[in-house]
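Inspection log for the structure reproduced underneath, given as structure tokens.
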Ligand SMILES: [Zn+2]
């Protein structure tokens, strides 16, 4: 007698093979039967007419510290996500040393969490002690390592500081990290050279990890930035994952053809280059990213001081209107009509989330620049934003490309607690059902088995997770049961805290975490270790 039998569903095994009818049986934390007819189960699920697939693996997540605040990760688990790769865009929850510790602990304190850990090993212990619904696959962030070794300075590291950064990466890899990430538009990552990134990636390469990058530029210099990521892979000797691949800004729409061609050429030349994409035409990041990179040197306190000065404001305005060489200028790419404020921390500004910067300025009777600078000062540079800047034709090109997989670029949140009044990007709640429903089924962009592969077997292979991402006897029992006829995202920019439809059951490590349109409260997740 099996612990659990999912009877008579159409099994999409995560390899890209078409679905076939059969049973799936689970015993303990493992799959014991996949396909054919299983013996009786202590619990039996009737899955006739439903799809049964591996749990979805979100290769681009930001749930690092949020995993402690929302351990059920409702916005992710209700989509069918069972594993999240964290530590993306250069920002990880470890090692918390020096200014990396100051930055993380003030953010965490605001949400009621004490940062008791320093290393990945200690982070793993703390997360698993509190319990977490999904598995987490941790990466170490170059920005965090840089802040730990040399603070938020806008300069090259000394030889000692570089050696310290390499030592911290080596330690995280020894603790089971999956590789290194960079966020080359964000301070302090944006202050680094290609040479520095190559040097810091070498210990990740030596330990068998991969390199995932938020490129130095996703707009006017997209192709140079793709080339830089490829050079890191070649010179440091490790596979490359281009994060949330896109062409931002109307002038750059269509450049994605050239960037995908560059990725194809690199693969043809023997380097292993892949990428991920979220299925939306807006991005999301910190509102403070609208301010030129140089002004972030020294950290958030220094930025807020600069924002108070009328002379510096005049300089910001000029640089934002004219642009600065190499700087990712979202305000210019999108325009203040296309930048939504998503979150604030003060009561005074509680009406701002959901408004564009232009609308917020009109409401305050200010010009958009002055409104933006004032809001950043009042909120101590903490607000988030959504920026409309992509073309759906490019999103489709990336999604359909055989080297591209699906990643949300969101953290696992919920409609209650500190995020309740925020208006997060709908990708937090809708990414995976939107690919399965809107793109694969409704638009016919790809067969269902291909869409499932891009969120299961393919990212698992990329991470070297040999026992996840596929349904096969002996592997970990991470499973989703969904209705292929009705699966759809429901979250919108105006009303983002809406769970998708058609995701019927989600199982992590053999335990049911979602059923009947609700989380069960079970927390069987683990902080995984690199297995190669
Ligand atoms: Zn990013």
By average C-beta atoms within 10 angstrom, highest first, the peptides 247-255, 385-393: 385-393, 247-255
Rel. contact order, % - alpha carbon contacts under 8 angstrom, at least six apart, the stretch 98-212: 28 percent
Value of Rg/Rh across the stretch 65-140 [Cα atoms, Kirkwood radius]: 0.95
Spatial separation of Cα centroids for the stretch 191-268 and the stretch 42-102, in angstrom: 24 Å
Order by protection proxy (mean Cβ within 10 Å, highest first), peptides 313-324, 482-493: 482-493, 313-324
Where the Cα pairs of the stretch 360-449 fall when distances are cut into 10 Å bins, in %: 13, 33, 26, 20, 8, 0
In range of the label at residue 1: residues from the stretch 27-54 whose backbone nitrogen is under 14 Å from the point 7 Å along Cα→Cβ: 39-44
Label point distance in nm, residue 324-residue 486, each placed 7 Å from Cα along Cα→Cβ: 5.2 nm
Angle between the chain longest axis and helix 368-378 axis [Cα atoms, degrees, rounded to 10]: 80 degrees
Degrees, to the nearest 10: 310-322 long Cα axis against longest axis of the chain: 60 degrees
Contact order relative to length of the stretch 286-388, as percent, for alpha carbon pairs under 8 angstrom and 6 or more apart: 36 percent
Part-to-part distance (alpha-carbon centres) for the stretch 273-325 and the stretch 429-459, which is given in Å: 33 Å
Convex hull per residue volume in Å³, alpha carbons only, for the chain: 127 Å³
C-alpha long axis of helix 98-110 to longest principal axis of the chain, angle in °: 70 degrees
Distance between modelled label sites at residue 118 and residue 350, nm, 7 Å Cα→Cβ extension: 4.1 nm
Approximate spin-label separation residue 17-residue 128, in nm, with each point projected 7 Å along Cα-to-Cβ: 3.2 nm
Two-site FRET efficiency, residue 364 against residue 495, from Cβ-Cβ distance with R₀ of 25 Å, rounded to 0.05: 0.55
Linear extension gain, residue 46 paired with residue 337, 0.36 nm per residue minus alpha-carbon span: 99.9 nm
Sites residue 305 and residue 193 - FRET efficiency at Förster radius 41 Å, r taken between beta-carbons, to 0.05: 0.90
Helical mean residue ellipticity (222 nm; -39500 (n - 2.57) per DSSP H run of 4+; nearest 500) of the chain: -9500 deg cm²/dmol
Net length gained if the chain between residue 30 and residue 286 were fully extended (0.36 nm per residue, minus Cα distance): 88.2 nm
Peptides ranked, highest mean first, by Cβ atoms within 10 Å: ranges 367-377, 56-66, 212-222: 56-66, 212-222, 367-377
Computed FRET value (nearest 0.05) for residue 312 with residue 111, which takes r as the C-beta separation and R₀ as 35 Å: 0.70
Contour minus Cα-Cα distance for residue 472 and residue 156 (0.36 nm per residue): 108.9 nm
For the stretch 337-405 and the stretch 137-157, distance of Cα centres in Å: 26 Å
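The numbers here are math on the coordinates, done by the rules we state, and not lab data. A quick note: this is a predicted structure, and the numbers were derived from the prediction, not measured. With ideal geometry, Cβ positions are generated from the backbone for all residues, glycine too; neighbour counts draw on all protein chains shown.
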